[in-house]
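Peer 1: Please see the structure below; I have some questions.
The values are calculated or read from the model by the stated rules, or taken from the named source; none is laboratory data. Just so you know, these numbers come straight off a predicted model, no measurement behind them. We work out accessible area using only protein heavy atoms, side chains counted, and drop any ligands, DNA or RNA first. Shrake-Rupley method; radii C 1.70, N 1.55, O 1.52, S 1.80 Å.
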Amino acid sequence: MSEAAAGRDLVALPRAAVLMLWTAAYFRGDLGPDDAAEMSHGVGRSGPSGEGEDLFAWMTALRRLPLAQLRLVLPVPGRIAGLVGPPAALPAALEAEQAIVVTAAGIADHTLVPVLSRIDHPSGGMTAVGWERFDAPLGTHVPPAATSGSAREELLRVLRRVADGSIDLDLVPDEPVESARIPPTWISTALPRHVDAGAAHLLVLAARTLLLTRSEIDEGHAQTIHLAEALARRGLLDELHDAARAALVEAVERIAGESD
């Protein structure tokens, strides 16, 4: 781990979010593009695949865009707001469940999507990551980022309702998420030093809640006997999942915006 990350707690985040955070640190001048690119691969058995965009070249090229901004999109089927195309970018972003949309003066420039491959090794498997670039259709306008703070309040409201309700959800976002629940499209990272305590807390809370609700939705609930209870539980999980996703996007974009 580099000196920039020394002493910081690790947080599991989507790989696109990690790349945005370290790109923001580079924009602030906290570290060079070579170190920022290295930190973007996170901590663990993960590294560059050697294919797609070179992150060092990508970061430095962003400097030449007028009023460049990075937008995090965490799409799910039926909810792809924020993606700008071209058409080939949509299935790639949905498969990765994430994308970075880069804008220049409010006009979409390109979309960046992580592409993962598994490398077997006698000492254990490793995830190789490349980044595929999709140039945006000319003249595509992108609406302003949703950084009003409402997503944080909505997440806290739903979490309070879950805590006070009668439906049992085995979610403890106050504790680190076990590694088995972290998909390869996410990676653990230290947080750049410019991230303050309040922003870090929201980032951790939203990320853990998103991982836990996703896991619960995927696994189902074998102890649920009555259909009405099962439907109510799934509805609450979906609501909490949506609130956590929105809060995570808002937190990452606000932190990235602090580099402007």
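Peer 1: Could you tell me whether region 165-176 includes any residue that is open to solvent by less than 100 Å² (accessible area, probe 1.4 Å), at negative phi, at pLDDT below 85 and outside any loop (DSSP other than H, G, I, E, B)?
Peer 2: Looking for residues that are open to solvent by less than 100 Å² (accessible area, probe 1.4 Å), at negative phi, at pLDDT below 85 and outside any loop (DSSP other than H, G, I, E, B), one finds none in region 165-176, hence no.
Peer 1: Got a number for residues in region 232-244 being under 20 Å from residue 78 (Cα atoms), modelled with pLDDT under 85 and either open to solvent by less than 50 Å² (accessible area, probe 1.4 Å) or aliphatic (A, V, I, L, M) (or both)?
Peer 2: Number of matching residues: 2.
Peer 1: Would you point out which residue out of 72, 65, 55 is farther than 23 Å from residue 10 by Cα and modelled with pLDDT of 90 or more?
Peer 2: Among 72, 65, 55, only 65 is farther than 23 Å from residue 10 by Cα and modelled with pLDDT of 90 or more.
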